[in-house]
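I have placed the structure first, in the form of structure tokens, so that the comments after it can refer back to it.
The values are calculated or read from the model by the stated rules, or taken from the named source; none is laboratory data. Please read these numbers as outputs of a predicted model, since none were measured by experiment. When we count neighbours, we look across all protein chains shown, and the Cβ atoms used for this are built from the backbone with ideal geometry, even at glycine. Surface accessibility is based on the protein's heavy atoms, side chains included, excluding ligands, DNA and RNA. Shrake-Rupley method; radii C 1.70, N 1.55, O 1.52, S 1.80 Å.
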Amino acid sequence: MSQRPESNPRPSERSHDLFQKCRGFTRAREIEAQGVYPYFLPISANHGTEVEVHGRRLVMAGSNNYLGLTHHPAVLAAAHAALDRYGSSCSGSRFLNGTLELHVELERRLARFLDREAALCFSTGFQTNLGVISCLGGRDDVILTDRDNHASILDGCRLSFAAIKKFKHNDLADLDKHLQAATKEGHRGKLVVVDGVYSMMGDLADLPGICALARRHGARVLVDEAHAVGVLGENGRGTAERLGVEAHVDLVVGTFSKSFASLGGFVAGDEDVVHFIKHHARALMFSAAIHPAATAAALAALDVIENEPELRVRVQDNADYVRRNLRVMGFETVDAQTPIVPVIIGDQDGMLRFWKALVEEGVFTNPVTGPAVPPGMDLIRTSYIATHTRAHLDTVLRAFRTAGLREGVTPSANGDGGRAGEASA
């Protein structure tokens, strides 16, 4: 009878235990003990502009549901119909048994909407960047990525075989320096990757300058329009449309989890490039396809985006209203002309206390700390929805005024001047 192999030595007998880093991570539990832990907050009901948490109804000022389509009747009806026809899951990858007619139709419609030759859908936005960037970046190539790019972009770069060069955020001189160096080093292919809208600050990439540099140095440009598609541009095609440089952007990636009120991601560009990605992106080939209800919901949302442009106007008006009033109160924010309105608090402990004060005043926001922002830039990220009413927005402003005075974030002299509605003109 064979004997069982010797068991692994106990952790105490090892020179280093793999799990030691886990046991040494105490910061989150310390925050929990202080009663200000803000993450993984369970929502018991979601009404779009309002949510229920721990039995309380809060104004949702932290969602990426920019156009308010998660509860649009046409989107819900399409999801229900797909669920009835196809079931709850594709139960396989797009490469094998998981492709539905719905996926093909969504890709066709997306390509037409974005004015591109072809489009390809992935299971999530994160996987889109992982798959696209990693399969395009070869051993003799270089990828130039903005330091503030989303984590999915940075991880896609790391998974590629290309050399990776990070340039300072929106710094054209620094990008130019890296592009010149890449040319001198003889890299075969160069890819510049940026977010169209940066998700924490809500600022736009300097696409006119970036595209001009890329053309000068023979580089391709990929823009992640996750927070811009559906919202920016005359037709809602994103930052590149807004800034008039669509013809100089080679690839557009995005997600269905924001303006499209669903789940999944996409890439759009020249047909031969999309065809290559379709047959080389491991994140696509080895992941289950977007489930039917989500695919149908994204298609229905695209209909709304194309036919109800007033939603883009409304969401921007809502964000502008809050941004103006927050500034009157004395809060530090960013002039970005997007639905994202960050409020910079500074230190982590102060930011967490401020977040808790907002919850107590009936408002759900997103507390942001490192590594998503640099040290000393901890902030409350707020974002607005086309279906927010003026009453919702005034509730948010009153909560910020009250929390600001309580936590000493804004000078008390600005408290009266920041009364909700006074800066609305």
Do any GluC sites (Glu not before Pro) in region 100-133 lie in a DSSP loop with no more than 15 other beta carbon atoms within 10 Å, and if so, which?
E117
Explain nothing, just compute: Karplus ³J(HN,Hα) = 6.51 cos²θ - 1.76 cosθ + 1.60, θ = phi - 60°, for every residue of region 299-311 in order, whole Hz, x for Gly and Pro.
4, 5, 5, 4, 4, 5, 4, 6, 10, 10, x, 5, 5
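Please compute the net charge surrounding G236, taking Lys and Arg as +1 and Asp and Glu as -1 over other residues with Cβ under 14 Å from its Cβ.
Once all neighbours under 14 Å are counted, the net charge is -2.
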Once you order the gyration tensor axes a ≥ b ≥ c over the Cα atoms, which shape class does region 1-145 get: rounded for a/c under 1.5, otherwise prolate or oblate by comparing a/b with b/c?
oblate
Determine ³J(HN,Hα), in whole Hz, for all residues of region 54-60 in sequence, where each value follows from phi through the Karplus function 6.51 cos²θ - 1.76 cosθ + 1.60 and θ = phi - 60°; x replaces Gly and Pro.
6, x, 10, 9, 10, 6, 7
Of all DSSP beta bridges having both residues in the chain, the percent classed as antiparallel (nearest 5) is 55 percent
Fluctuation leader among E246, E271, E30 - the chain, Gaussian network, Cα springs under 10 angstrom
E30
Kindly report, to the nearest 10 Å², the accessible surface of T26 as traced by a 1.4 Å probe over protein heavy atoms only.
70 Å²
Proximal aspartates and glutamates relative to K168, as straight alpha-carbon distance under 18 Å, when same-chain residues fewer than 8 apart are discounted:
D146, D148, D155, D176, D195, D203, D206, D224
Once amide H atoms are placed 1.01 Å from N in the peptide plane, what residues at a sequence separation of 5 or more from K166, or on another chain, have their amide H within under 5 Å of its amide H?
T145
Can you run phi through the Karplus equation (6.51, -1.76, 1.60; θ = phi - 60°) for region 250-266 and list ³J(HN,Hα) in whole Hz, with x for Gly and Pro?
7, 9, 10, 10, x, 9, 9, 8, 10, 5, 7, 6, 9, 8, x, x, 8
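Rolling a 1.4 Å sphere over the protein heavy atoms, what is the accessible area per residue of the chain, to the nearest Å²?
Roughly 46 Å² per residue, with all protein chains present.
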Which loop GluC sites (Glu not before Pro) in region 276-361, with loop taken from DSSP, have no more than 16 other Cβ atoms within 10 angstrom of their Cβ?
E332
Accessible area of the chain with a 1.4 Å probe: how many percent of it is carbon plus sulfur?
51 percent
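From the square roots a ≥ b ≥ c of the eigenvalues of the alpha-carbon gyration tensor of region 93-213, which class results: rounded (a/c under 1.5), prolate (a/b over b/c), or oblate? Let's see the in-between values first.
On the way: a/c = 2.08, a/b = 1.61, b/c = 1.29.
Here region 93-213 falls in the prolate category.
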Amide H to amide H under 5 Å from E361: which residues, 5+ apart in sequence or cross-chain, H placed 1.01 Å off N in plane?
none
Just tell me which lysines come within less than 30 Å, Cα to Cα, of K166; anything on the same chain fewer than 8 places away is out.
K21, K177, K184, K190, K258, K278
Using a simple spin-label model with points 7 Å from Cα along the Cα→Cβ vector, what separation in nm is obtained for D272 and V313?
4.3 nm
Once a ≥ b ≥ c are taken as the square roots of the eigenvalues of the Cα gyration tensor of region 141-183, is the result rounded (a/c under 1.5), prolate (a/b larger than b/c) or oblate (a/b not larger than b/c)?
oblate
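Per DSSP H run of at least 4 residues, take -39500 (n - 2.57); add these up for the chain, divide by its residues and hand me the 222 nm value, nearest 500 deg cm²/dmol.
Mean residue ellipticity at 222 nm (helix-derived): -12500 deg cm²/dmol.
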Once the piece of chain linking E185 and D303 is laid out straight, how much longer is it, given 0.36 nm per residue of separation minus the C-alpha distance between them?
37.8 nm
